[in-house]
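The values are calculated or read from the model by the stated rules, or taken from the named source; none is laboratory data. Note that this is a predicted model, so its numbers are computed, not measured. Reconstructed Cβ throughout: ideal geometry from the backbone, glycine too, with neighbour counts over all protein chains shown. Side chains included, ligands, DNA and RNA excluded: accessible areas come from the protein's heavy atoms. Shrake-Rupley method; radii C 1.70, N 1.55, O 1.52, S 1.80 Å.
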Number of protein chains: 4
Amino acid sequence: MNRHQTVFLISAILLFAVIASAQNLQARKEISIPDIPGYITLIADLHTHTVLSDGYVHPAIRPDEAWREGVDVLSITDHIEYQPHKEWIPTNHNLSYKLAKGKSDQLGVMLIKGSEVTRSLPLGHYNAIFLSDCDALDVDDPMDAFKAASEQGAFVFWNHPGWPREDGIPVWEEVQEELFQKGYMHGIEVVNTRKYYPLAHKWALEKKITMIGTSDIHMPIGMDYDHRHGDHRAVTILFVTERTPEGVRDALDNRRTAVYHDDILIGEDKYLKPVFMNSIEVVTPEISIAGKGHTLLQIKNNSDVPYKLKRSSSDETRISYSDEIILIPHRTVLVWINGRSETELGRFEANLEYVVENLYVLPETGMNVRIPIVVDHSAK
Amino acid sequence: MNRHQTVFLISAILLFAVIASAQNLQARKEISIPDIPGYITLIADLHTHTVLSDGYVHPAIRPDEAWREGVDVLSITDHIEYQPHKEWIPTNHNLSYKLAKGKSDQLGVMLIKGSEVTRSLPLGHYNAIFLSDCDALDVDDPMDAFKAASEQGAFVFWNHPGWPREDGIPVWEEVQEELFQKGYMHGIEVVNTRKYYPLAHKWALEKKITMIGTSDIHMPIGMDYDHRHGDHRAVTILFVTERTPEGVRDALDNRRTAVYHDDILIGEDKYLKPVFMNSIEVVTPEISIAGKGHTLLQIKNNSDVPYKLKRSSSDETRISYSDEIILIPHRTVLVWINGRSETELGRFEANLEYVVENLYVLPETGMNVRIPIVVDHSAK
Amino acid sequence: MNRHQTVFLISAILLFAVIASAQNLQARKEISIPDIPGYITLIADLHTHTVLSDGYVHPAIRPDEAWREGVDVLSITDHIEYQPHKEWIPTNHNLSYKLAKGKSDQLGVMLIKGSEVTRSLPLGHYNAIFLSDCDALDVDDPMDAFKAASEQGAFVFWNHPGWPREDGIPVWEEVQEELFQKGYMHGIEVVNTRKYYPLAHKWALEKKITMIGTSDIHMPIGMDYDHRHGDHRAVTILFVTERTPEGVRDALDNRRTAVYHDDILIGEDKYLKPVFMNSIEVVTPEISIAGKGHTLLQIKNNSDVPYKLKRSSSDETRISYSDEIILIPHRTVLVWINGRSETELGRFEANLEYVVENLYVLPETGMNVRIPIVVDHSAK
Amino acid sequence: MNRHQTVFLISAILLFAVIASAQNLQARKEISIPDIPGYITLIADLHTHTVLSDGYVHPAIRPDEAWREGVDVLSITDHIEYQPHKEWIPTNHNLSYKLAKGKSDQLGVMLIKGSEVTRSLPLGHYNAIFLSDCDALDVDDPMDAFKAASEQGAFVFWNHPGWPREDGIPVWEEVQEELFQKGYMHGIEVVNTRKYYPLAHKWALEKKITMIGTSDIHMPIGMDYDHRHGDHRAVTILFVTERTPEGVRDALDNRRTAVYHDDILIGEDKYLKPVFMNSIEVVTPEISIAGKGHTLLQIKNNSDVPYKLKRSSSDETRISYSDEIILIPHRTVLVWINGRSETELGRFEANLEYVVENLYVLPETGMNVRIPIVVDHSAK
């Protein structure tokens, strides 16, 4: 059997050198979430830091990281009031944007100018993006900062609403109500870093403000996330009509967003439903079953999201099927379908009814889906 | 910075459990090579063994492995004359097919009945596929076996033509000429296991016989290939008009095949050219350059093949560009484009001219490609 | 910055070709669990199948898989009463051992002859290992089979005690009591495949029978476990005085075993405590703290087991420390230690007190550990 | 077979959550190269950059990266003369060290103060380490800078000697001879980034100056190296008598170094020989062969270096053995040994003679090794 043991070094070299190469490290690995009818799906990280406030990288690193990780839209939001490096880097609120712009343009990453208003509780932290001059926010009274942001037409969202509270649970205090009433708060971070705030999710739905998810990254991102190997930062998914800053702004203003955090997608049913349906492909939509026998249905998932399906109660009396399915990203999996009768036979349409547990359409609550198939049920 | 250090165990659990799960191990990972105009691309392994001859697995294992690895068409070709387990497994040439059929049908793997005629040099080994009765090949005179195969309408190809010769180099002897003249030999293994035979490649082109690549697997395939992690068996790529045994046979008969071996595709330009062009996407087909400045072009590769491009000589006087590119599978890479003049400016179409070194259109010889772009060349 | 972008293909080739090579696929990856004082630690899988009963591989595959996966001791235990392939493979209970012996010897895998007595409930399935003649167990009355095993000096254990019961929960019925009283049952599978039976764990401790964990593998093992990438089959850990069949038998007879299942070790405190202590290394056993400040302790884990530590209640008033630690295999992790006083200072010995949640010394119950350190506590 | 298909999600969760966790990302993965008799083996990177010159990270990032990657000794060597960020970060040559010191101390990374003298050709770039005041090197005449370094007792080495020459080939010009003669140059980079300079290797041996390998990293290191997955930066291996700055300096002064670059170790035979011998373990040092039969020898490699052995010519007439072996890191591989005679039998000691092709004891020249075994050669 010597032939089969030939050391295949030469050809292996060709394959694996590639994978190891500099081009690999510098390549872009997209986040695969499909477009939906009427909208292009973009990936945004609207909360990041650099050495210009309390971060640890040069601003030009952020668009480079973003490009490699499949982030289309980026905002650097250095703190206005918190400048721990100012002894050796003089404060300049507009500089992060300027230093990151060249790399962003070169790589086609859309860079949105922003700043973080950084106050103690009960106010907390807020990102203002789509700013023209960040310096205008460096004022004593926080309300003046929000006013300045408003005058520049900024989009403002509340950051990590439960932090730095002892118990991590956000509280909607009087001051938030004031901001909201004045039209100064347009969105809220439902996810910050690796932390999900169900209460923020609830408020976003109730008060009709935009759901945001951000990395709030301070370190080189590779020190916190292993994006080449299945990990990713928290991001905001934008459903835009055009791939421009105006398109981004329109999606934010009209709450056409979702949040992608670990393996969870958070958003409204009207957006997550088509995301799910456009992600999957029933490879074998017509199946044959003999009597009470079983057959295997094949479902492929073309997205990066590992959809976790749990069977919901169903009136279906003619077939039974797998209680749980995990639709592994970029794989085809098998679903068991069993006939329930030896006598009530024929050809019919049926729906596999599941809850997708990691698609949150309400706080910590999965989304119902129906996957249509055709069954040709014959006698055994 | 405590907030950023929160152990994110709970959510990580959700992500990674998935990847580890049984569903993952049992999922299908396709080989991504695109369809081409007019044809569906299928993946075939037409040479495998089981315990019924000198292999080490039950026949039902082969369709299961094939399904998981993205192989659409499978033939089990146990040896007629070599039956080392016959002391405890009585010889039965039709049994492998029978024992593998149920699993093949269940998973939708197309199973083609076959056998390996196994003789000593100078004749060597041959697979006959599309057989109806393998027993008919169990005869003394090998020519009678080929005759029997012919009478059943089999497709016959010469296996590992350089093996077991001392130097591994195939020789087209009188007996091969006889088989060829009689119309008994329709194809040849250009790749067997991890071994490529350039001479077989040359003969296939000259004599117009079909190029075949096979695993010739004897062991459980996971002991020889790590398919979940970037490795794959050698296969034959079929360009079919329909996903049926007839479609497969038609592609074989009409030499619409290629061979995929490690990271090399072997085939005719008329098939590999559209495979390449359908694999890649120039993300930014229109670029702007100022004077002798540079810009970055983005190219995405949607296939599994890591195309290795080396610049061929070119008459292009207006721009220069990267000498080497590796188009990493499922990634977007950057290509440097430089202006060559400060004065001859304007908008023009240009072609990036490369040899794709791992697409062999002739023995060990890459394929020329031209990637069209539009350049808007302005003054600095 | 061109210099830093040099394509480093040549050297990368050297590195990664290696990792891809056939030698890699055929190499042995040990399961790293340390020896303990007085005993050598061996890895055993005492329950596997082949085509000789209802498995799917040739027997010689089992020692090859075992060697590659770091299994030192192997038993092939084909069913006596269940022979679904007998139409084409005539029943021969001693043949699996014979066909696997050559490969086992060649690779140094210790092969123990065995068979599975396979009866319906309430009796169930039992492995008899250290047999000399498996045929003697092929008798009508199951008690005669146990008697025959006993006469050959076999070691007998109860397999998957909760299967195939509807609820998966084992029941110790009259017949098990009979076997136990007669001295016919010496061990019990606490883990079978990927299933842990807490009740079997309890019985093993109460009745002083040996804890066993097995793969019960039927398929090529790579189809069920991805051992090259962090996965492993369930095994029995043996603490032996010598690396011989006698040493193995002595460990089994004297209940010097543990079970390794996913990332859980199951066994008695007297064995798991030294396994844990020999796995870890406190890289910085002496630390300095100023006042209520903090310092980082480094702990390295040289084993394959990801120990998960949760702080237990402690009387320690001078320092506080991380509530949870995961000691990642073959990595060094950081533990936060804080001073609790600005005034009660000095140099002292302290113990970090944790429960290791994935070391089960009782059913689903972790093991208490104390990690000694020296603290030099000075004023801020 | 339903039992074997149970979804094992719960236990998988335990295993894989661990691997994914923040603790994993923040854990230290050592570079495994063994100690040698008389010396402790340390890993050093003596050439790195930060935002204080032309790098892209805050200085505190460098010790954090070093710790995670198993680097014991670190020097930040920002350019004296090249300060591209000085418009917004005022020049301060001593600041990188100061900003990195706290994190270094916290993690136990030994930080050596340094600077890079950065001049145009023919002089080029030089790192001076073990400086007390970097400002003293900021002078017009480069010789004054070397003099100042010398007065502070610095250790000075020539960086990337072939860069930025057109052809990449270093030239030892008059000015290098002057530095060398004056005792101003104590070492030379044999490897910088991913580039090996054979000529620098030759000079180091001839002129008895110290061989250095460095990353010269400017970016967050994770953007250029995938250290969690088999990649690593170029480093200097130090053979020290004590783990202190004095120990490091002593090893540098006495040329007890090697360079680790991709999968190549570069150094003198007297150091690489014991590194190799302490890395490997012949699992089965005594083997039995019958006549001209074969047997399998098992060799384990406990280091990170994939040693590539090619058989050298040998007078051994009694046995033949594998022409090529790759000793895969942390794996055991098999070596074929064949008897060459049926008649000259007996027990004897033999040496397997190989060149380790990726241990360079001279420029691009492997190291000869002899692996002793005992053969018990009996009649067939």
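How much of B:T317 can a 1.4 Å solvent probe reach, expressed as accessible area in Å² and rounded to 10? About 100 Å², rounded to the nearest 10. Each of D:E177 and C:R119 was given a label point 7 Å from its Cα along the Cα-to-Cβ line. The distance between the two points is 9.5 nm.
Shortest first, C:N94 label-point distances to identical copies amount to 3.6, 8.6, 9.3 nm, with the label point at 7 Å from Cα along Cα→Cβ.
Region B:116-189 and region C:266-322 have Cα centres lying 67 Å from one another.
How do C:D72, C:D323 rank by accessible surface area computed with a 1.4 Å probe, from largest to smallest?
On the way: C:D72 25, C:D323 105 Å².
Greatest to least solvent exposure: C:D323, C:D72.
Let me have the 222 nm mean residue ellipticity of chain D computed from DSSP H runs of 4+ only, each contributing -39500 (n - 2.57), with the sum over all residues rounded to the nearest 500. Calculated mean residue ellipticity at 222 nm is -6500 deg cm²/dmol.
The GluC sites (Glu not before Pro) of region A:190-267 that DSSP puts in a loop, and whose beta carbon has at most 16 other beta carbons within 10 Å, are A:E242.
Buried on complex formation within region D:55-76 (loss of at least 30 square angstrom of accessible surface versus the isolated chain, 1.4 Å probe, ligands and nucleic acids ignored): D:Y56, D:H58, D:I61, D:W67, D:R68. Put the Cα centre of region D:326-365 next to the Cα centre of region C:335-353 and the gap is 53 Å. Students often get this wrong, so check it: of A:K308/B:K113; B:K86/B:K147; A:K292/C:K202; C:K29/C:K270; A:K98/A:K182, which have C-alpha atoms separated by over 29 Å? Those over the limit are A:K308/B:K113; A:K292/C:K202; A:K98/A:K182.
With label points set 7 Å from Cα along Cα→Cβ, the inter-copy distances at A:Q181 are 8.2, 8.6, 10.2 nm, sorted shortest first.
Amide H contacts of A:R119: A:G124, A:H125, A:Y126, each under 5 Å away and 5 or more positions distant or on a separate chain (H built 1.01 Å from N in the peptide plane; Pro and chain starts excluded). Under a 5 Å amide H cut-off, with hydrogens placed 1.01 Å from N, D:T365 pairs with nothing among residues at least 5 apart or on other chains. Cut-off under 20 Å on the C-alpha distance; same-chain residues fewer than 8 positions from B:K207 excluded. Which aspartates and glutamates are left, in chain and number order? Counting by Cα, and skipping residues close in sequence, B:K207 has these aspartates and glutamates nearby: B:E173, B:E174, B:E177, B:E178, B:E189, B:D250, B:D253, B:E268, B:D269, B:E364.
Specify whether the C-alpha gyration tensor of chain B places it in the rounded, prolate or oblate class, a ≥ b ≥ c being the square roots of the eigenvalues: rounded for a/c under 1.5, otherwise prolate if a/b is larger than b/c and oblate if not. Because a/c hits 1.5 or more and a/b fails to exceed b/c, chain B counts as oblate.
Shown here for region A:146-254: trypsin sites (Lys or Arg not before Pro) in loop regions (DSSP other than H, G, I, E, B) with at most 15 other Cβ atoms within 10 Å, namely A:R165, A:K182, A:K208, A:R243. Chain B packed on chain A takes about 4600 Å² of accessible surface away from a 1.4 Å probe, both sides summed. Other residues whose C-beta falls under 12 angstrom from the C-beta of C:G247 contribute a net charge of -2, scoring Lys and Arg +1 and Asp and Glu -1.
What net charge do the residues around A:I373 carry, taking every other residue with its C-beta under 9 Å from that of A:I373, with Lys and Arg at +1 and Asp and Glu at -1?
Numbers: positive: none; negative: A:E286, A:E349.
So the surrounding residues net to -2.
Placing +1 on the Cβ of every Lys and Arg and -1 on the Cβ of every Asp and Glu, with no other charges, gives chain A a dipole of roughly 1480 debye about its Cα centre. Accessible surface ranking for A:S132, B:S303, 1.4 angstrom probe, highest first: A:S132, B:S303. Of all residues in chain D, the one whose Cβ lies closest to the rotation axis carrying D onto C, together with that distance in whole Å, is D:H330, 4.
Remark: region A:329-346, residue by residue, has Karplus-estimated 3J(HN,Hα) of x, 6, 9, 10, 10, 9, 10, 7, 10, 10, x, 10, 9, 9, 10, 7, 10, x Hz, where x stands for each Gly or Pro and the curve is 6.51 cos²θ - 1.76 cosθ + 1.60 at θ = phi - 60°. Ranked from shortest, the separations from the 7 Å Cα-to-Cβ label point of C:R243 to its equivalents in the other copies are 2.9, 5.2, 5.9 nm. Counting, for every residue in A:104-117, the Cβ atoms of other protein chains within 10 Å of its Cβ and taking the mean gives 1.
With the whole protein complex present, C:I76 retains an accessible surface near 10 Å², based on a 1.4 Å probe.
In debye, nearest 20: dipole of the protein assembly as shown around its Cα centre with unit charges on the Cβ of K, R (+) and D, E (-)?
Working: 152 positive and 216 negative charges, 2 e Å.
Computed about the Cα centre, the dipole is about 0 debye.
If you take the square roots of the eigenvalues of the alpha-carbon gyration tensor of the protein assembly as shown and sort them as a ≥ b ≥ c, do you get rounded (a/c under 1.5), prolate (a/b over b/c) or oblate? Rounded, because the longest to shortest axis ratio a/c is under 1.5. Can you tell which of D:L25, D:L205, D:L362 shows the greatest fluctuation in a Gaussian network model of chain D with Cα springs below 10 Å? It is D:L25. Considering only C:H261, C:H229, C:H93, the Gaussian network model of chain C with Cα springs below 10 Å gives its largest mean-square fluctuation to C:H229. Counted by Cβ distance under 9 Å from B:N24, the other residues give a net charge of +1, where Lys and Arg count +1 and Asp and Glu count -1. A Gaussian network model of chain D, with springs between Cα atoms under 10 Å, assigns the largest mean-square fluctuation among D:M185, D:M110, D:M223 to D:M223.
Of A:Y126, A:T210, A:M110, which is farthest along the charge dipole of chain A in the positive direction, counting Lys and Arg as +1 and Asp and Glu as -1 at C-beta? Of the options given, the answer is A:M110. Distance from the alpha carbon centroid of region D:211-245 to that of region B:35-101 works out to 49 angstrom. The label-point distance for B:Q152 and B:K270, in a model that sets each label 7 Å from Cα toward Cβ, rounds to 3.2 nm. Which residues of region D:164-211 show a drop of at least 30 Å² in accessible area when all protein chains are present, compared with their chain alone (probe radius 1.4 Å, heavy atoms only, ligands and nucleic acids excluded)? For region D:164-211, once contacts with the other chains are taken into account, D:T193, D:R194 lose 30 Å² or more.
Give the carbon-plus-sulfur fraction of the accessible surface of the protein assembly as shown in %, rounded to a whole number; probe 1.4 Å, heavy atoms of protein chains only. Can you show the working numbers first?
On the way: 26720 of 55370 Å².
Here carbon and sulfur together make up 48 percent of the probe-accessible area.
Scaled to the globular estimate 2.2 N^0.38 Å, the Cα spread of region C:172-298, given as radius of gyration, is 1.40.
If R0 equals 35 Å, the separation of the Cβ atoms of D:L362 and D:S341 corresponds to a calculated FRET efficiency of about 0.45. Counting only Cβ charges, +1 for Lys and Arg and -1 for Asp and Glu, the dipole size of region B:123-164 around its Cα centre is about 280 debye.
Using the heavy atoms of the protein chains and a 1.4 angstrom probe, tell me the accessible area per residue for region A:74-209 in square angstrom.
Working: 5570 Å² over 136 residues.
Here the per-residue accessible area is 41 Å².
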